[in-house]
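Trainee: Have a look at the structure that comes next, please.
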Amino acid sequence: MCGIVAYIGKKEAYPILIKGLKRLEYRGYDSAGICLLNSGLNVYKCKGKVADLEAFASSKDISGTVGIGHTRWATHGEPNDVNAHPHYSGNEKLALIHNGIIENYDPLKKELVKRGHIFKSDTDTEVLVHLIEDVQANENLSLAEAVRIALTQVVGAYAIAVMDKSDPNVIIGAKKGSPMVVGIGKNEFFLASDATPIIEYTNEVVYLEDEQIVELRVGQDPIVRSIENEVMTPYIHELEMKLEALEKGGYEHFMLKEIFEQPRSISDSMRGRYHVQSGTVTLGGISDYEQKMANAKRIIIVACGTSWHAGLVGEYLIEDLARIPVEVEYASEFRYRNPIINEDDVVIAISQSGETADTLAALELAKSKGATIIGVCNVVGSSISRITDAGSYTHAGPEIGVASTKAFTSQVTVLLLMALRLAHKKGSIAESRFQRILASLEKIPAQVEEVLQSAELVKYIAGQYKDSRNFLYLGRGYNFPVALEGALKLKEISYIHAEGYPAAEMKHGPIALIDAEMPVVVIAPSKGSYEKVLSNIQEVKARKGKIIAVVTKGDTSAAELADHVIEIPETEEELVPILASVPLQLLSYYIAVMRGCNVDQPRNLAKSVTVE
Ligand code: M6R
């Protein structure tokens, strides 16, 4: 978590840093700060959002063409003014911003205290800048060299940018385990946690690799060195991101914009990957590995949060269509439980950001055991997409709202295509079923558009239940993960307690919760275990629970029992999760807005969880 941005060039740095921090605010928003080089090295920082920082800095000298900025998600030390970044070194000649965790900060700090260093904050970051100062002073080194040597003593994850009052024309960046992109403009350079603060100035970027250090000086090419001091040749990528994708485009919140973008984002996820007329699916990114995947004795899916829910849908799809055993693991559990991983295993990581620390670490573990690792990521060039052997991007476009919406439906779309591709390769699917699913897939973007037309109805239902203290979400088969995802969405943005359950499991415990105060959202499409879900609805009704049912258009049986009905168009069972998740996203959105919650930046959360 935390967003970092830095600028060195001929322009005023302040507006670039502030705009960049606003773009990165999804990564953390409990405090923010900048350092500018003008009369000296001036740090302005405060608790709160970037807007609070702007207000704070309004009376200060914000001139200067070199600067660094940070938006924080607290790890070490509570969110307050002192713990906000940047942090000065003891002599205030250096200033540093950091995304990540310095795990051995405690012994380093004790050693530095012995050597006379005095610390002001509770952060691990301040220890790092003091360490760099110590190395620089004792060995009389340039900033780049001092940073490199200091980092050899560090255990943990970092993306850092450092400024030096004694060498005002340089910014040093370095990374390990946390992302860092270098933007290369004309006589100017940028550093950022992702490309969003850079895109309007240049589309030439270098993705720094782990344990690389970059030295940025105006008028010189960037110098990239490894931590072993080997000079590396940076590879320059061209960004394809569009600026409009980073703006709200007239919507009140990014989340709402992203929900309404789904007809397009789903089309983008499947564009060029399926051909109804020739009856084929092609996924270029995994073509060299699809035989290996088809032959795998098992596939392990690792992910977190919403991506984990998509992974569950993926499990049902791959097992059902391609007949390959699949296990879905929380990446955070998988990496620490000494799992059995073999060379003939295929591990698929699903991640919107491609930066989630636990998912990345789970993949690294799988790779070290010889498994083939495949990515399903949204962010092009992200860490997961770079360490995997192969993968398929979801192409949903930038997702800024902390609550994941369009990424989920795109992940499910890609997993469906993957399952179909593997099924075809293995001959495990009847041609008629394959064709039926493909034909239905083609209709999905238009059908999502149709579901979005029920927004006003969903808003009305949200108004009825906005003050509820608990919600239950029920679904079976392909729609059990949809229930989990619906509950997560509501929890994270409205702070209402919600649980997702397989509908039939309800009678093994959660049914005790049901009374007239309990809204129960049931995903009850006419395919799959429809009759059984109807019985589950009856069980809730018998206990006076309030039913909000997501049903297939034209349904009468579920509709008769339910207090509220939201219709989705008829489709194949395998595709229902895409359509059914959309009204649940809208329900959470409207409830959160009605409760006055900050939908795009819910409390305690960050979009990209780069700490474990
Ligand atoms: O970027 P990732 O997909 O790896 O992120 C995983 C989770 O952190 C993420 O899905 C999180 O649960 C979202 N806030 C859900 O809306």
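Trainee: Put a dot 7 Å past each Cα toward the Cβ at Asp81 and Val231; how far apart are the dots in nm?
Mentor: Modelled inter-label distance: 4.6 nm.
Trainee: Note down the nm distance, to one decimal, between modelled labels 7 Å out along Cα→Cβ at Ser58 and at Met594.
Mentor: Using points 7 Å along Cα→Cβ, the separation is 3.5 nm.
Trainee: With a probe of 1.4 Å, find how much accessible area the range 453-598 has per residue, and write the answer as a whole number in Å².
Mentor: Using a 1.4 Å probe on heavy atoms only, each residue of the range 453-598 averages 37 Å².
Trainee: Would you mind checking the tilt of helix 530-542 against the longest principal axis of the Cα atoms of the chain, expressed as 0 to 90 degrees and rounded to 10?
Mentor: Helix 530-542 sits roughly 80 degrees off the main axis of the chain.
Trainee: Can you give the accessible area per residue of the range 3-244, in Å², using a 1.4 Å probe?
Mentor: With all protein chains present, the range 3-244 gives 39 Å² per residue.
Trainee: Also: Round to the nearest 10 and give me the degree value, 0 to 90, for the angle of helix 305-317's Cα axis relative to the longest principal axis of the chain.
Mentor: Orientation of helix 305-317: about 40 degrees from the principal axis.
Trainee: Still on this structure, I have one more. Would you mind putting 128-141, 369-382 in packing order, based on average other-beta-carbon counts within 10 Å, highest first?
Mentor: Order by mean packing, descending: 369-382, 128-141.
Trainee: Hey, rough spin-label estimate for Lys186 and Glu333, points 7 angstrom out along Cα→Cβ, what's it come to in nanometres?
Mentor: Using points 7 Å along Cα→Cβ, the separation is 5.5 nm.
Trainee: Also: Summing Lys, Arg as +1 and Asp, Glu as -1, what charge do residues with Cβ under 11 Å from the Cβ of Arg433 carry, Arg433 excluded?
Mentor: Its environment carries a net charge of -4.
Trainee: In degrees, nearest 10, range 0 to 90: what is the angle between the Cα axis of helix 357-368 and the longest Cα principal axis of the chain?
Mentor: Once rounded, one gets 90 degrees.
Trainee: Over the chain, with every protein chain in place, what whole percent of the accessible area is carbon and sulfur at 1.4 Å, could you tell me?
Mentor: Exposed carbon and sulfur together represent 48 percent of the surface.
Trainee: Distance from the Cα centre of the range 260-276 to that of the range 479-537, in angstrom?
Mentor: If we compute the Cα centre of each part, the gap is 29 Å.
Trainee: Separate question: Determine the per residue accessible area of the range 248-449 with all protein chains present and a 1.4 angstrom probe, expressed in square angstrom.
Mentor: That works out to 35 Å² per residue.
Trainee: Pulled fully out, how much extra length does the chain show between Lys10 and Asp122, if you take 0.36 nm times their separation in residues and subtract their Cα-Cα distance?
Mentor: This chain segment gains 36.8 nm when fully extended.
The values are calculated or read from the model by the stated rules, or taken from the named source; none is laboratory data. Fair warning: this is a prediction, and the values are worked out from it, not measured in the lab. Heads up, the Cβs are rebuilt from the backbone with ideal geometry, glycines too, and the neighbour counts pull from every protein chain shown. These accessible areas exclude ligands, DNA and RNA; they are computed on the full protein's heavy atoms, side chains included. Shrake-Rupley method; radii C 1.70, N 1.55, O 1.52, S 1.80 Å.
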